[in-house]
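**Student:** Can you keep this structure in mind? I'll have questions shortly.
The values are calculated or read from the model by the stated rules, or taken from the named source; none is laboratory data. Here the structure is a predicted model, which is why all the values come from computation and not from measurement. Because the Cβ atoms are built from the backbone with ideal geometry, glycine has one as well, and the counts that use them run over all protein chains shown.
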Amino acid sequence: MTSADLARRLDDLDRIEAIKRLKHRYWRACDGKDLKAFRSCFIGSGARIDYGSLGSYDDADPLAEIFGQVALHKVDGEYVIFDMHHGMHPDITLTSETTATGRWTLKFRQVNLMDRTETLLTGDYDDEYVLEDGRWKMSASTLTERWVLRRPLGDDATVHIGSFDA
């Protein structure tokens, strides 16, 4: 292996790690109720998004608006929807210096205090990424649900709410 080959492989690994960090920022933004960080994970305009039962969009702005309405919804001054996204098994393929595809497995959990339910979901994300203004962004994202479990929270269930301030 030449030094040029080694340098190319290291550059490829750096790009893959940057894409992994992007997806992790996205999930942290979802769980942390950070609308600005959530939106910044997608390209500036024209992202293709298909999240199944959550809808399909031809830009990230409508999805960000729905995210804000749901995640930031408060009753009596308190948040009532709590999400937990865990992404694993990343499979990232660089398709050029500035594009890539990726597949992830999602483990999702939500507590909804309005309807007193807990939802568990697993599925797969199929994403496309592009380098935009020097940062990796999602240009397309499709979530395929594998299964969903929704159950009521018992009368004895309590939720301790921590901080969502950055």
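**Student:** Among the residues in region 78-100, are any surrounded by fewer than 15 Cβ atoms within 10 Å (Cβ to Cβ), over 15 Å from E145 (Cα atoms), modelled with pLDDT under 95 and out of contact with any Asp or Glu (no Cβ under 9 Å at 6 or more places or on another chain)?
**Tutor:** yes
**Student:** Might you check whether a residue that is buried (at least 17 other Cβ atoms within 10 Å of the Cβ) and either part of a loop (DSSP other than H, G, I, E, B) or under 17 Å from the mean Cα position of the chain (by Cα) (or both) occurs anywhere in region 143-157?
**Tutor:** Yes, region 143-157 has at least one match.
**Student:** Considering only region 71-78, I want to know if a residue exists there that is among the small types (G, A, S) and on the phi > 0 side of the Ramachandran plot.
**Tutor:** Yes, some residue in region 71-78 is among the small types (G, A, S) and on the phi > 0 side of the Ramachandran plot.
**Student:** Related question: Could you say which residue among L113, L54, L106, L63 is farther than 30 Å from R8 by Cα, surrounded by 14 or more Cβ atoms within 10 Å (Cβ to Cβ) and touching a His at 6+ places or on another chain (Cβ under 7 Å)?
**Tutor:** L106
**Student:** Considering I49, I43, I16, I66, which residue is touching a Phe, Trp or Tyr at 6+ places or on another chain (Cβ under 8 Å), on the phi < 0 side of the Ramachandran plot and not hydroxyl-bearing (S, T, Y)?
**Tutor:** Of I49, I43, I16, I66, the one residue that is touching a Phe, Trp or Tyr at 6+ places or on another chain (Cβ under 8 Å), on the phi < 0 side of the Ramachandran plot and not hydroxyl-bearing (S, T, Y) is I49.
**Student:** Hey, can you tell me all the residues within region 88-125 that are in contact (Cβ under 8 Å) with a residue 24 or more places away in the chain and closer than 15 Å to I16 by Cα?
**Tutor:** P90, I92, L94, E97, T98, T99, A100, T101, G102, R103, W104
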